[in-house]
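The values are calculated or read from the model by the stated rules, or taken from the named source; none is laboratory data. Please read these numbers as outputs of a predicted model, since none were measured by experiment. Here the Cβ positions follow ideal geometry from the backbone for every residue, glycine too, while neighbour counts run over all protein chains shown.
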Amino acid sequence: MDEKNWLLGLKEKSCGSDLTEADEPSIDFDVADDFEENMYEPESGFENTDDFSGFDGFKYSYDFENAGGSYPDDFADFEGEDLLFPAAVQKQDLSFRESLKHFSYPKWLKSVLPQYFKPTLWMTALFVTMIVAGYSICHFYPEIFDSIFSSIDLPDGDSFELILFIFFNNSRVLFMLVFFGFIFSIVPVLIIIANGFLIGIVSEASIHNLGPAFLLTGLLPHGIIEIPVILFGAGIGFQMGVRFTRLLLNQILGRSGVGSITAAQFKKDFRNVAGIYFLFLLPLLLAAAIIEVCVTGSLLGIFF
């Protein structure tokens, strides 16, 4: 089977209609000289590939000659938006050094982050609701502030020790949000409820005793980074909990098909989530801790 007929057969399979030669998608099969993979998935973050821009919803690059010069005519594994090539047409493994050479951090972030925006919005709505609840309760029962925060003490030491204390405390919370979310999304929801409620209490007490300027000065410089990171981590954990639940149901009920999730897909999502945690969220938390100690503390000392 030649290249043209193979592509027309795949297009017919995906679109459910007969195609003529005029309908043939325009595809460039040139593969960059310094990239040796036969098949490429953009979400992996590698550069120097051409896209299957002619296929609806698919972006794969494929080198037919290096794969053996054959064009598979079995499309039984083609389902929905997943393009599964036969075993002879699998992506080659790159060494760790070669992977780093072709890795693009911005492209990787652009491909893996958007899927968690919607659950992050849900967590944000819950967070704001609990802030309002905590603020209202503290307004009518001011003694709740002393009963909750009277036993909290920051460690004595220099700025570096304080930065480490804040960073490790926040990173522990973020770890629980992201990775404990697999327990049916319960942990992220509970943590967001608790943190929103506490911030509401602190906000009311600060405004009542020291004024709104104190609250804004003590919260905004570092909070503009720290709070979105925490909410995004909660969104990730919530979404992964939903996917894990779907995976369990698929395994128990034996369901498969369009919209179902497989163990391989879940493992890939888990690797991406681990990368987001270590390569994106933790550095932002470290920056927030440094700002909280060096900037927020100085501003409070100057103006209050």
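The residues of the range 267-298 that are surrounded by fewer than 17 Cβ atoms within 10 Å (Cβ to Cβ) and farther than 20 Å from Phe167 by Cα, listed by number, are Lys267, Lys268, Phe270, Arg271. Screening Met240 against (1) surrounded by fewer than 15 Cβ atoms within 10 Å (Cβ to Cβ); (2) in a helix (DSSP H, G or I) leaves a single unmet condition, (1). Under the condition of being surrounded by fewer than 17 Cβ atoms within 10 Å (Cβ to Cβ) and either under 28 Å from Phe145 (Cβ atoms) or not assigned by TED's automatic domain parsing to the domain that holds Ala125 (or both), the residues counted in the range 155-170 number 9. All conditions in (1) of a type in the set (A, V, I, L, M, F, W, C); (2) exposed (fewer than 11 other Cβ atoms within 10 Å of the Cβ); (3) in the same structural domain as Ile225 (by TED's automatic domain parsing); (4) modelled with pLDDT under 90 hold for Phe96, with the sole exception of (3).
Just the residues that are under 8 Å from Phe182 (Cα atoms) and among the aliphatic types (A, V, I, L, M), please, taken from the range 226-251. Listed by number, the residues that qualify are Met240, Val242. When the residues of the range 126-147 are filtered to those that are in a helix (DSSP H, G or I) and out of contact with any helix residue (DSSP H, G or I) (no Cβ under 8 Å at 6 or more places or on another chain), the one that is modelled with the highest pLDDT is Phe140. On the basis of being more than 30 Å from Thr245 (Cβ to Cβ) and touching a helix residue (DSSP H, G or I) at 6+ places or on another chain (Cβ under 9 Å), does Ser150 make the cut? Here the answer is no, as Ser150 does not meet what is asked. Can you work out which of the residues in the range 180-198 that are part of a helix (DSSP H, G or I) and among the small types (Gly, Ala, Ser) is nearest to the chain's Cα centre (by Cα)? Restricting to residues being part of a helix (DSSP H, G or I) and among the small types (Gly, Ala, Ser), the top hit is Gly181.
Quick grid of which residues meet (1) touching a Gly at 6+ places or on another chain (Cβ under 7 Å); (2) at pLDDT below 90; (3) under 22 Å from Val202 (Cβ atoms):
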site: Ser104; (1), (2), (3): yes, yes, no
site: Tyr116; (1), (2), (3): yes, no, no
site: Thr124; (1), (2), (3): no, no, yes
site: Ile152; (1), (2), (3): no, yes, yes
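Number of residues in the range 100-114 that are in contact (Cβ under 8 Å) with a residue 12 or more places away in the chain and either more than 17 Å from Pro228 (Cβ to Cβ) or small (Gly, Ala, Ser) (or both): the value is 7.
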